[in-house]
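Worksheet: one structure, shown below.
The values are calculated or read from the model by the stated rules, or taken from the named source; none is laboratory data. As the structure is a prediction and not an experimental result, all values here were calculated from the model. Note that we place each Cβ from the backbone using ideal geometry, even for glycine, and neighbour counts take in every protein chain shown. With ligands, DNA and RNA removed, areas are computed over all heavy atoms of the protein, side chains included. Shrake-Rupley method; radii C 1.70, N 1.55, O 1.52, S 1.80 Å.
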Amino acid sequence: MIEIERKFLVVSNDYKKEAHKKNRIVQGFLNTDPFRTVRIRVKEDQGYLTVKGMGSENGTTRFEWEREIPVKEAEALLKLAEPGAIDKMRYEVQVGEHLFEIDEFFGENEGLVVAEIELTDEDESYEKPSWLGEEVTGQPQYYNAQLSKNPYKKWQH
């Protein structure tokens, strides 16, 4: 139940032609406390309840527990969520032995595109595709829970 993940900005749309899957995701947060974030997600016709713990000092590792729940229950729980729902399209791109998940945000976070890769070890090597930009792992403003409170449009350069 430990997630090891790195996060990057995306510098071009080239990932779209490499994607083998894409899904619309709407999610909200029942709790955005960094010590225990509770997320509700609707991804197509599936619902998910996720609890995440505080990240490690460098931001790559943290506790994550997730369960699929009926989509009707997820939709009902979204109505209880804190203000600032996240709406995004997720693209999945296989690069070598790893899967990159690229999130293109909409609404108040439009213009932000972030790629994530899950690893089995913090020092694991992986191929870096040409569309992968600056690493933002451990930068809280790029966490979805923070984007729901302080959207990208409010702080982008």
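For the reader, a short list of remarks on this structure follows.
- Over the chain, dividing the summed -39,500 (n - 2.57) contributions of all DSSP H runs of at least 4 residues by the number of residues returns a 222 nm mean residue ellipticity of -3000 deg cm²/dmol.
- Per residue, the chain exposes 55 Å² of solvent-accessible protein surface, assessed with a 1.4 angstrom probe and all protein chains in place.
- A Förster distance of 35 Å, applied to the separation of the beta-carbon atoms of residue 22 and residue 57, puts the FRET efficiency at 0.55.
- Of interest is the spacing of the C-alpha centroids, which for region 11-66 and region 84-157 amounts to 10 Å.
- One decimal place: the segment residue 76-residue 130 gains 15.4 nm when fully extended, by the rule 0.36 nm per residue minus the C-alpha distance.
- For the chain, size of Cβ-based charge dipole, Lys and Arg +1, Asp and Glu -1, in debye: 740 debye
- Charged neighbours of residue 30, selected by a Cβ distance under 13 Å, balance to +2 (K, R count +1; D, E count -1).
- Within the accessible area of region 85-157, the carbon and sulfur atoms contribute 41%, probe 1.4 Å, all protein chains present.
- In nm, spacing of pseudo-spin labels at residue 141 and residue 12 (7 Å Cα→C-beta vector): 2.6 nm
- FRET efficiency, 1/(1 + (r/R0)^6) with R0 25 Å, evaluated for residue 2 and residue 30 via beta carbons: 0.70
- Built amide H within the under 5 Å cut-off of residue 69, gap 5+: 47, 48, 49
- For region 12-157: rounded, prolate or oblate by the Cα gyration tensor [a/c cutoff 1.5]: rounded
- Relative contact order (percent, whole number), the chain, Cα cutoff 8 Å, 6+ residue spacing: 31 percent
- Taking label positions 7 Å along the Cα-Cβ direction at both residue 90 and residue 118, the computed distance is 0.9 nm, reported to one decimal.
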